[in-house]
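Right, one structure below, let's go through it.
The values are calculated or read from the model by the stated rules, or taken from the named source; none is laboratory data. Only a predicted model underlies this, so the values are computations on that prediction, with no experimental measurement involved. Here the Cβ positions follow ideal geometry from the backbone for every residue, glycine too, while neighbour counts run over all protein chains shown. These area figures cover heavy atoms from the full protein model, side chains too; ligands, DNA and RNA do not enter into them. Shrake-Rupley method; radii C 1.70, N 1.55, O 1.52, S 1.80 Å.
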Amino acid sequence: MKYVSEYRDADMVAQYLEEIRQTVTRPWAIMEVCGGQTHSLVKNGILNMLPPEVRMIHGPGCPVCVTPLNLIDKAVYLAEEKGVILCSYGDMIRVPGSKRSLLESKARGADVRILYSPLEAVKIAQENPDREVVFFAVGFETTAPANALSVIHAQRAGVPNYSILASHVLVPPAIEAVMNDPDSNIQGFLAAGHVCTIMGIDEYYPLVDRYEIPIVVTGFEPVDLAQGILMTIRQLEKGEHQLENQYSRVVRPEGNPEAQKVIQQVFTIADREWRGIGVIPMSGYEVRPEYVAYDANIKFNVNIEKVAESDECIAGLVLKGIKKPQECPQFGRGCTPQMPLGAPMVSSEGACAAYYHFSQAMEEVSA
């Protein structure tokens, strides 16, 4: 199949769903790690078409959602108090900090700009040599190469007024944290295909062996997800635990070595705090000492006091797969995309946003 439309073929999805119904004999809990997969499952009504024995659990694979509250407060401080040109991907500027979001800072007069690429931010720095430009570098391994490349490009071009505020998180440590949680009952995983496109699949073999769980690297279209679920169910029903690659049309076992080199040149692996979850050891990237001049955390030496999350928001439980979005008392009431309490209601990969925007479609499918 060569065209995107073929991966959205309703008849093929129906065939895979029928195979799932014929294969499953007992309840299974499967976590799709990536928020993009969550949105596709909800938007396309697949959750409601699965047999009741198959329970999909939404994972912490939304980098915007797990960006720490304190880091958002730092970005707001830099934009408002330090007068930097603060650049970011669109989702990030709407995520609430302890006092306000970057979008609200922009409304108050701060120079906050939405960009599609960090290389655009380097260009802005070149065009504004008298201003400091900070790019809010958020993402999983997928966006790390571009963010790292922007630092390399700024150094080579002699652009001293550019830096990144890094908030990169890694998928394999997140899976490990989920499995180590005493409240977890996950029996299989759909791994994020775009991450594996960059990093390859070798990191997942130790997880499969250690926790004796099947992991299927899966794409994002309806056919991808239905097939990935079927592959996972087949393993579970046979009592097997293997790493399989459903997304082989894109993911190579070795990943993208050139992208990996760029990441390793600029970043090193370190402990990272995940919003709503806590610190996960060796689960994020931070800028290497060789590029300290481009690390906004060091460059501006901003110390922002940490503030606790809202007691009304259960985003942490949603991100760990313990609760569904609609189980939150504030869902659609005190928490909406216009007035969010937590990041999962804002991000295009957030589970709460998916349920909010596509809840009517889900009800129509189940009816």
Notebook entry, point to check: Using a ≥ b ≥ c from the Cα gyration tensor of the range 63-138 (square roots of the eigenvalues), is it rounded, prolate or oblate, where a/c under 1.5 gives rounded and otherwise the larger of a/b and b/c decides, a/b for prolate?
Noted result: oblate
Notebook entry, point to check: Considering the chain, which cysteines have no disulfide-compatible partner, defined as another cysteine with its Cβ under 4.7 Å away?
Noted result: Cys34, Cys87, Cys196, Cys313, Cys328, Cys335, Cys352
Check: Taking Cα centroids, how far is the range 123-148 from the range 24-79 in Å?
Finding: 27
Checklist line | Cα gyration tensor shape for the range 95-149, rounded if a/c is under 1.5, else prolate or oblate | finding: oblate
Item checked: the range 275-365: trypsin sites (Lys or Arg not before Pro) in DSSP coil with no more than 15 other Cβ atoms inside 10 Å -> Lys306, Arg333
Item checked: Options Ala110, Gly90, Leu165, ranked by Cα towards positive dipole end of the range 72-182, top entry (Cβ charges) -> Ala110
Notebook entry, point to check: Which whole-number percent is the relative contact order of the range 226-297 (Cα, under 8 Å, 6+ apart)?
Noted result: 19
Note to self: Per DSSP helix of 4 or more residues, -39500 (n - 2.57); summed, then divided by the residues of the chain. What does that give at 222 nm, rounded to the nearest 500?
What the structure shows: -11500 deg cm²/dmol
Item checked: Among 175-184, 58-67, 154-163, 27-36, the order from most to least packed when residues are scored by Cβ within 10 Å on average -> 58-67, 27-36, 154-163, 175-184
Next item on the list: Compute the relative contact order of the chain as a whole-number percentage, counting only Cα pairs closer than 8 Å that sit 6 or more residues apart in sequence.
Entry: 23
Item checked: GNM result for the chain, Cα springs below 10 Å: residue of Met231, Met339, Met92 fluctuating most strongly -> Met339
Margin query: Around Pro60, under 13 Å between beta carbons, what's the net of Lys plus Arg minus Asp minus Glu among the other residues?
Written below: -1
Checklist line | Qualifying GluC sites (Glu not before Pro) for the range 204-282 [loop in DSSP, other Cβ within 10 Å: at most 14] | finding: Glu212, Glu240, Glu254
Note to self: Please report the spacing between the Cα centers of the range 80-113 and the range 179-216 in Å, no decimals.
What the structure shows: 35
Item checked: Total charge dipole magnitude, the chain, about the Cα centre, Cβ charges on Lys, Arg, Asp, Glu only, Debye to nearest 20 -> 640
Checklist line | Qualifying trypsin sites (Lys or Arg not before Pro) for the range 1-54 [loop in DSSP, other Cβ within 10 Å: at most 14] | finding: Lys2
Item checked: the chain, accessible surface, carbon-and-sulfur percent (1.4 angstrom probe) -> 49
